[in-house]
Amino acid sequence: HPEVFMLAGVMFLIGLAHMVYPSTFVLYADYRFHWGSQMAGVTLMIVGLLAAIIQGGLIGRAIKAWGERRTLLFGLGMGTLGFTLYGLAPTGYWFWAAMPIMAMWGFATPAAQALMTRQVAPTEQGRLQGVLGGLSALAAFVGPFAFAQLYAWSLTLPGSWSGAAMMGGAVLLSAATLVALTLRRRTA
């Protein structure tokens, strides 16, 4: 299943990019915006609310209106833009303003999973989910180390490069977008 292989690559890149949060968010927010644990907690609560809105009410409508492929591309594009805005945010208010954009990244994963499940037989669904779980575990293993190293390295550079890990997430989602763009239209 070459289309499934490519979509699995997209899912791996999505999972790897997501690892920037548990690896660096609290450190980045404290360093860049001087947020303590309370402000970081409030921010994460808002992120959760935005994700619930996307996942609870908008994904189905988007897929129905745009189709799975376009919804995937939209989600990846919004995630790329969101990470870029996070990495460049000069203040916490700018970071907060980017959160609704970043929340729309939540369209990508369900759309990719829907595309993949249609490509394999019902008897292969368990194997597909097993592979996706393995890729997610690999991303969870590699991502924290890679993003923590990137963040630490960025602090040694002159100027304000503390958003480098967030920009790393943008690069990964850009790569995922390029892979997703190569998918044949009949997959969607």
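Would you check if there is a residue in region 120-131 being within 17 Å of the chain's Cα centre (by Cα), surrounded by 16 or more Cβ atoms within 10 Å (Cβ to Cβ) and modelled with pLDDT under 95? Scanning region 120-131, I find no residue that is within 17 Å of the chain's Cα centre (by Cα), surrounded by 16 or more Cβ atoms within 10 Å (Cβ to Cβ) and modelled with pLDDT under 95, so the answer is no. Of the residues 148, 137, 152, the single one that is in contact (Cβ under 8 Å) with a residue 24 or more places away in the chain and not charged (D, E, K, R) is 148. One residue stands out among those in region 132-165 that are of a type in the set (S, T, N, Q) and open to solvent by 40 Å² or more (accessible area, probe 1.4 Å): the one that is farthest from residue 77 (Cα to Cα), which is 156. The one condition from (1) of a type in the set (S, T, N, Q); (2) open to solvent by less than 30 Å² (accessible area, probe 1.4 Å); (3) over 22 Å from residue 170 (Cβ atoms) that residue 80 does not meet is (3).
The values are calculated or read from the model by the stated rules, or taken from the named source; none is laboratory data. Not measured: the values here are computed from a predicted model. Cβ atoms come from the backbone with ideal geometry, glycine included; neighbour counts cover every protein chain shown. Note: areas computed on protein heavy atoms with side chains; ligands, DNA, RNA excluded. Shrake-Rupley method; radii C 1.70, N 1.55, O 1.52, S 1.80 Å.
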